[in-house]
Amino acid sequence: MTFFRFFMASILLIVMAPVVAADFSPFRIQAVTIEGLQRLSEGTVLNYMPIGKGDELKSSETAGIINSLYRTGFFDDIRLYREGNNLVVSLRERPSIASLEISGNQDIQTEQLNQVLADIGLEEGRIFDRSSLEQMVRELEGQYFGQGKYGVVIENKVRSLKDNRVAIDITIKEGDVAKIQRINIVGNQAFTDKKLLELFELSPPSFWTLLNSNDQYARQKLAADLERLRSFYLDHGYINFNVESTQVSIDSERLSVYVTVNIDEGDLFHVSAVTLSGDLVLPESDLHQLLNIQAGDVFSRQSLNVSTNALLSRLGDEGFAFANVNAMPQLDKENRQVALTFIIDPGRRVYIRRINISGNLKTSDEVIRRELRQFENSQISTAKIKRSRTRLQLLGFFDETNIETPAVPGTNDQVDLNISVSERPSGSLTAGLGYSQTQGLLLNANISQNNVFGTGKRVSMAVNNSSVNTVYNFSLTNPYYTPEGVSRSFNVFKRSTDASRANIGNYGSDVFGGGVGFSMPLTELTKSSFGLDYEKTKLTTTSLAPQRVLDFISSNSDQFDIVKATLGWSYDGRNRAIFPDQGSVHKTSLSLAVPGGELQFYKLRYQGAKYWPLLSHLTGKFRWDTAYGGAYGGTNELPFFERYFTGGSQSVRGFKSNTLGPLDENGFAEGGSFKLNLNSELVFPMPFSENSKSVRMSLFFDVGNVFDKISDFNNGGLRASLGISVVWMTPMAPMTFSYGWPINSDSGDQLQRFQFTLGVVGL
């Protein structure tokens, strides 16, 4: 359009200019005179002209001169005259933009709009082209249409200023967002409208659209919805499915959008045969077992992709890192069947030349290499590489762990394994004051290092003083006490407790002890553990001590020497230690006060958690914790100071810590010999900071309680709560905040809706 205007204007000026007279004859230019310039120099104009002094000018060349000058965009009017043998060029410059003001915009920032205008030439200091105003309106409308504001009105006013300048005022009336009122699907017979509309991100207004704006029409969202619809039909056997057309209409007030999707389902196809061809390299029977689609099944593109990826993964585990697997379908339209052939091209077996590690400024290479399951000078295995990355993430030393396998130049069967890590703070030195809802004023000093001098060893020394506990603790753990991965740990501690401050009775205890523990890997994901601990316990009472405490001391003593042997087994299949989103973890333990001591008892515990990805940035989490304890030998019951307690931020949120279960005569929780806690959560990033790796929110549903005896367990005795939680991995320590609403509390329960903890994060 712009070229056409230039061309027509040039023809018009040529016709009007004296130099284009009918009796015009060629002449040699003795001089060129420029008239009408205000900002530009004569030299600038002459540089744009294809002819100059000394050249011969013909009538046929004048149009080219005018077009050359118009294409600069500097001029509104161009005229050519001949005065003797002189060429006179009369020009009228376009004005420059002195100011550009935007008002009325709220949803789109002025800086963003200015960038849009600058891209089309509307910017202070630039030459003003009136035709760009129309383009400006279209561009800004497009910005607002993308936000669903189809009723936007954009007005512009151009004011002339002195010195051939203009001021542009743009006024925007944004209007309201248009909402999708209805989505119609036409042509579906195999599936209901409700089933198909569940696939759509776009939807009419509802409670949920207040949170995600999915009731606002966007072309990109509709395209994604149509692709999901197409995938759904292909996954259910409708190979010839087609979206024939879509219509999007808006009402006269530009506030309501109606979408109609016309589809052709086609016929339902079944699989007639599944065969493998090419260079199989592995037993055909083994490869067939990997296929997720078989003869007689309804055709599914998803099953086809799963089967292809399973074959590629298996070949990758055998060293064929660059294998190709192509699924070739052969349609029998008459019988509505499809025969599938998986063509396998394994390529060459690939080997790892070198393993290169970068980014570990503190952690030694040895600490990283001992976690790897892929080795140098061995054939590549995609499963081993994946497991190596997971093991590095489970260390908790790194924020990021990336693994690449670039080909070695000049070879076709070798790659390097490049591991890059980004270290996170693995230790802390803290001292100060704090406050906890359960423990009151806290005085603490803590030195901990999970990666001492980059060796992977863990050391912790702590002094903590609160209204509940005074604790002195030292521990040392070597996770690789032997090259095979057997770990060894030592700990020494002294703990004084005022149980009344923890809501569990009027008595006190002083415990001194220490122990040693070993952990041995059984498989890649499982470990067994053994520990031996010595504890010397002294109990103190007051006149308000509960009768159960006094009876226990009367039957036994107020001082005990206890040796505990602990056996454990654990499984960790999570994909990472910090905020996992898939996998599971299981832990079981048996703690036994060994015969020969003053007390004989045992405690069994099972903990587990399951994580699975639901949607983008949304993780499902289910956690359980059950424990049972009892006495044997000459001890009649589980000692009261070994009983289980629940309630609080790490169990059933919304209830005060350690207050659930049976109560004594003073209203304190007695605890129980059997505990059960179940927690369900939906975990997601903090809004507006989806990429943050240090903060997660969750909606939770907690159920649990403790019971005096396992025979006392009943569903009606369980307490439950709903709420929201935030976990923040600060440089100092993890912080957890929660707000819970108890939904079946009893009259004797102590409620505490808002709770927080520092330094403790459960499974």
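Quick notes
- Considering residues of the range 386-413 that are surrounded by 17 or more Cβ atoms within 10 Å (Cβ to Cβ) and assigned to a strand (DSSP E or B) only, the residue modelled with the lowest pLDDT: F398
- Against the test of being crowded, with 18+ Cβ neighbours inside 10 Å and aliphatic (A, V, I, L, M), the options V259, V248 yield a single qualifying residue, V259.
- If the condition is being over 26 Å from T757 (Cβ atoms), touching a Lys or Arg at 6+ places or on another chain (Cβ under 6 Å) and either modelled with pLDDT of 80 or more or among the polar types (S, T, N, Q) (or both), then the range 437-479 contributes only N478.
- Among the residues of the range 152-163, the ones that are surrounded by 16 or more Cβ atoms within 10 Å (Cβ to Cβ) and either in contact (Cβ under 8 Å) with a residue 60 or more places away in the chain or not assigned by TED's automatic domain parsing to the domain that holds D129 (or both) come to 0 in all.
- Residue that is hydrophobic (A, V, I, L, M, F, W, C), assigned to a loop (DSSP other than H, G, I, E, B) and at pLDDT below 50, where the choices are A22, A9: A22
- Applying the set (1) aliphatic (A, V, I, L, M); (2) buried (at least 17 other Cβ atoms within 10 Å of the Cβ); (3) closer than 30 Å to S692 by Cβ to A577 leaves exactly one unmet item: (2).
- Counting only residues that are assigned to a helix (DSSP H, G or I), farther than 14 Å from S277 by Cα and not β-branched (V, I, T), the range 287-311 holds 8 of them.
- Those residues of the range 167-182 which are assigned to a strand (DSSP E or B) and among the acidic types (D, E), in sequence order: D169
- Within the range 580-597, restricting attention to residues that are surrounded by 15 or more Cβ atoms within 10 Å (Cβ to Cβ) and in a loop (DSSP other than H, G, I, E, B), the residue that is modelled with the lowest pLDDT is G597.
- Single match in V338, V325 (criterion: more than 30 Å from K386 (Cα to Cα) and assigned to a strand (DSSP E or B)): V338
- Where I553 falls short, out of the listed (1) modelled with pLDDT under 90; (2) within 30 Å of A383 (Cβ to Cβ): (2)
- Out of L372, L361, one residue alone is within 20 Å of I578 (Cα to Cα) and touching a helix residue (DSSP H, G or I) at 6+ places or on another chain (Cβ under 9 Å). It is L372.
- The range 25-136 holds strands (runs of 3 or more DSSP E) entirely within its bounds, and those carrying 3 or more residues that are outside the structural domain of V152 (by TED's automatic domain parsing), touching a residue at least 60 places away in the same chain (Cβ under 8 Å) and over 20 Å from I168 (Cα atoms) map to 75-83.
- Considering the range 27-41, and only residues there that are surrounded by 13 or more Cβ atoms within 10 Å (Cβ to Cβ) and of a type outside the set (V, I, T), the residue that is farthest from L69 (Cα to Cα) turns out to be F27.
- One residue alone among A565, A577 is in contact (Cβ under 8 Å) with a residue 24 or more places away in the chain and not in a loop (DSSP other than H, G, I, E, B), and that residue is A565.
- Residue within the range 647-667 that is among the aromatic types (F, W, Y) and surrounded by fewer than 18 Cβ atoms within 10 Å (Cβ to Cβ) present: no
- Of the residues making up the range 344-374, those that are surrounded by fewer than 19 Cβ atoms within 10 Å (Cβ to Cβ), under 30 Å from N326 (Cα atoms) and of a type outside the set (D, E, K, R) number 2.
- Residues in the range 515-539 that are within 20 Å of G671 (Cα to Cα), without any contact (Cβ under 8 Å) to a residue 60 or more places away in the chain and surrounded by 16 or more Cβ atoms within 10 Å (Cβ to Cβ): there are none.
- Filter result for E134 (surrounded by fewer than 16 Cβ atoms within 10 Å (Cβ to Cβ), of a type outside the set (G, A, S) and at pLDDT below 85): yes
- Only one of E227, E244 that is over 30 Å from K386 (Cα atoms) and either within 33 Å of the chain's Cα centre (by Cα) or basic (K, R) (or both): E227
- Residues located in the range 319-362, provided they are among the basic types (K, R) and in contact with a strand residue (DSSP E or B) (Cβ under 8 Å, 6 or more places away or on another chain): R336, R349, R353, R354, K362
- Residue check, S616 touching a residue at least 24 places away in the same chain (Cβ under 8 Å) and either out of contact with any helix residue (DSSP H, G or I) (no Cβ under 8 Å at 6 or more places or on another chain) or assigned by TED's automatic domain parsing to the domain that holds T537 (or both): no
- Residue in the range 631-654 that is within 20 Å of A577 (Cα to Cα) and of a type in the set (A, V, I, L, M, F, W, C) present: no
- Within the range 480-503, if we keep just the residues that are buried (at least 17 other Cβ atoms within 10 Å of the Cβ) and of a type in the set (S, T, Y), the residue that is modelled with the lowest pLDDT turns out to be S500.
The values are calculated or read from the model by the stated rules, or taken from the named source; none is laboratory data. Here the structure is a predicted model, which means the values were calculated and not measured. Cβ: placed from backbone, ideal geometry, glycine included. Neighbour counts: every protein chain shown.
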